[in-house]
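The values are calculated or read from the model by the stated rules, or taken from the named source; none is laboratory data. Because the structure is a prediction, the values reported are computed rather than measured. With ideal geometry, Cβ positions are generated from the backbone for all residues, glycine too; neighbour counts draw on all protein chains shown.
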Amino acid sequence: MVEDAAISPLKGVKVIEVGVAMAGPFCGMTLGDYGADVIKIEKPGTGDESRGWQPYFPNRLSYYYVAANRNKRSLSIDLKAKEGAELFRELVKGADVVIDNYRVGALDGLGLGYDELSKINPRLIYCSISGFGPNGPKAQERANDLFMQAYSGNMSITGEFGRGPVKAGISIADVGAGMFGVIGIMMALYARITTGKGQRVDTSLLEGQVAMLSYHLTSYFASGRVPIRRGAGSQLSVPYQAFKAKDDWVIVAAFTERMWQGVCRAIRHPEWAEDERFCIADRRAANRDILIPMLEQAFATETVEHWTRELGKEGVPCTAVNSIDKVVVDEQVLAREMIVQIEHPDSGLLKMAGLPVKLSETPGSVRRYPPNLGEHSVEILKELGFAENRINELVDKGVLYVDKKQTA
């Protein structure tokens, strides 16, 4: 809709997405953003459950659904029906990728898991995104974003010291799993160039969250100390947190000795840089209970604008804590085209996040609005060679759902 996918890096890659809510759909959308033909499989009548989540754009178009479903076509079929499963297999014959974020084993039970599908398409890459992964004692258990932030340890280090745990403001477990799914798919596509064969790609909310713990894990293994909640602060670096300025909150992220010295100059206490309690990182961390109140008192004397200017002169990362209404009009965000808009035929102009990765020669683009349920059912079946009378027969049986504006 904005530009075609002629030079997109994934042009010619066909993806079938069997997913709901965020993790699988975010994975599929990302591939679609960079040129893949993504066919979203949805249940007749209801579709992706996120279609019903408020708030809505005009004509009951869900904000949540919009966030993860652009650049796709919607095929609404009943996979539990014999003819629906056959339709799916027919589609898989010409596909490169299947994304599955249903409950572990759900598609296997329908004869539509990797083992069966790879027999009819040995080049198929089958990406499974689940809560816990396909094996282990909890493989069959359900999990969602909030659950996994807690289970994985993420929430144990999020929030204020001495207070209760807090979830991340974004759906980091869901979106993270979707991102790792994209990475796995791209590696498998690259490997297929050499081997000529597809493979199964597995990731999960759990694995993504444990991977993101990163240096918190290695710190624990190195020191034996369990990381704790530090609010907007760091486990080790001081000062590396939010401070209340005269008018609002400001973030000061001084993670090197040079930056610490810059902080001391900016707050007009250069002697603190030489103070034996604070002169090196380990001592600042050990004496944080002394140092932080001193810094809080200093930062409370001036405005956020003052501190961002003065600390900026010293090369110390410092920013206001921007609310979303400020982010969406920020000149740098706009310069990087991270807010895009697209016209929806029923709901009008939709604004959403842009593409986070820019490629100089094969860029991605926003070409399709998030589809209506079953909007492309007829189109996709005709591409598979189905005759109009057969399509109508499947509609009459309830196997196939067609958007009311579409006809065979």
For PRO165, indicate whether it is assigned to a loop (DSSP other than H, G, I, E, B), loosely packed, with under 15 Cβ neighbours inside 10 Å and touching a residue at least 12 places away in the same chain (Cβ under 8 Å). yes
Spans of helices (runs of 4 or more DSSP H) in region 290-408 with at least 1 residues without any contact (Cβ under 8 Å) to a residue 40 or more places away in the chain, under 33 Å from the mean Cα position of the chain (by Cα) and loosely packed, with under 12 Cβ neighbours inside 10 Å: 324-327, 331-335
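Being in a helix (DSSP H, G or I), touching a Gly at 6+ places or on another chain (Cβ under 7 Å) and surrounded by 14 or more Cβ atoms within 10 Å (Cβ to Cβ) is the requirement here; does GLY262 meet it?
yes
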Scan of region 42-57 for residues that are surrounded by 21 or more Cβ atoms within 10 Å (Cβ to Cβ) and small (Gly, Ala, Ser), ordered by number: GLY47
Residue under question is GLU86, and the condition is that it be closer than 13 Å to ILE120 by Cα, free of Cβ contacts under 8 Å to residues at least 12 places away in the same chain and not basic (Lys, Arg); does it hold? yes
Could you list, in sequence order, the residues of region 1-34 that are under 21 Å from GLY198 (Cα atoms), charged (D, E, K, R) and modelled with pLDDT under 95? LYS11
Checking PRO9 against (1) over 18 Å from SER128 (Cα atoms); (2) buried (at least 19 other Cβ atoms within 10 Å of the Cβ), which single condition isn't satisfied? (2)
The number of residues in region 130-175 that are of a type in the set (Gly, Ala, Ser) and in contact with a Ser or Thr (Cβ under 9 Å, 6 or more places away or on another chain) is 8
Give the residue that is nearest to the chain's Cα centre (by Cα), with candidates limited to residues of region 46-57 that are more than 19 Å from PRO345 (Cα to Cα) and outside any loop (DSSP other than H, G, I, E, B). SER50
Output yes when any residue across region 139-147 is modelled with pLDDT of 85 or more and of a type in the set (Asp, Glu), and no when none is. yes
Among residues belonging to region 35-45 that are part of a loop (DSSP other than H, G, I, E, B) and closer than 22 Å to ALA177 by Cβ, point out the one that is modelled with the lowest pLDDT. LYS43
